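Since the structure comes first, as structure tokens, the remarks are kept for the end.
The values are calculated or read from the model by the stated rules, or taken from the named source; none is laboratory data. None of these values were measured; they are calculated from a predicted model. Glycine also receives a Cβ, built like all others from the backbone with ideal geometry; neighbour counts cover every protein chain displayed.
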Amino acid sequence: MITNSQIRRSIWLILALSFAAGLWAQQAQQAAAKYQPTKEQSLELRALRAEAQLAQVAAQQAQQAFSAKLLELTDKGKEFQRANKWPDTVTFDPNSLSYVDAPPPAPPTTKEPKK
């Protein structure tokens, strides 16, 4: 069972830690306030951040377009495979634009008993 003195110690510990955290946060804000860019520099930094965000969106859109075209390419490769009535073991390689048949499965290996 928890005693009253343990509860009091816990409360004091929580208060002390909260106070210390508050002081630390205040000092961090004061330290951050020492190094402020000029108004013009802030505007330039904001403009560059906006450009970077736009570039990120463009890169994501380009990745989506690439994925869509790659899917279209592989689907067309499968369509041609079906049109030519090739077996399902044949696969399309979009990098070389070629078709290859899967190698036959390896024969099962038997383990020799240890001596």
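Please go through segment 31-43 and pick out each residue that is at pLDDT below 95, of a type outside the set (Lys, Arg) and loosely packed, with under 10 Cβ neighbours inside 10 Å.
Hits for segment 31-43 are ALA31, ALA32, ALA33, TYR35, GLN36, THR38.
Considering only residues that are closer than 29 Å to PRO104 by Cβ, small (Gly, Ala, Ser) and surrounded by 10 or more Cβ atoms within 10 Å (Cβ to Cβ), which ones fall in segment 44-91?
Residue satisfying the conditions is GLY77 alone.
Looking at ASN95, is it within 26 Å of the chain's Cα centre (by Cα), among the polar types (S, T, N, Q) and modelled with pLDDT of 80 or more?
Working: within 26 Å of the chain's Cα centre (by Cα): yes; among the polar types (S, T, N, Q): yes; modelled with pLDDT of 80 or more: yes.
Against the criterion (within 26 Å of the chain's Cα centre (by Cα), among the polar types (S, T, N, Q) and modelled with pLDDT of 80 or more), ASN95 qualifies.
Can you find even one residue in segment 49-59 that is free of Cβ contacts under 8 Å to residues at least 12 places away in the same chain, assigned to a helix (DSSP H, G or I) and more than 25 Å from the chain's Cα centre (by Cα)? Don't jump to the end; show me each part of the working.
Start the filter on segment 49-59 by keeping residues that are free of Cβ contacts under 8 Å to residues at least 12 places away in the same chain, which leaves 49-59.
Subset that is assigned to a helix (DSSP H, G or I): 49-59.
This time we only want the ones that are more than 25 Å from the chain's Cα centre (by Cα), so: none.
No; the residues of segment 49-59 include none that is free of Cβ contacts under 8 Å to residues at least 12 places away in the same chain, assigned to a helix (DSSP H, G or I) and more than 25 Å from the chain's Cα centre (by Cα).
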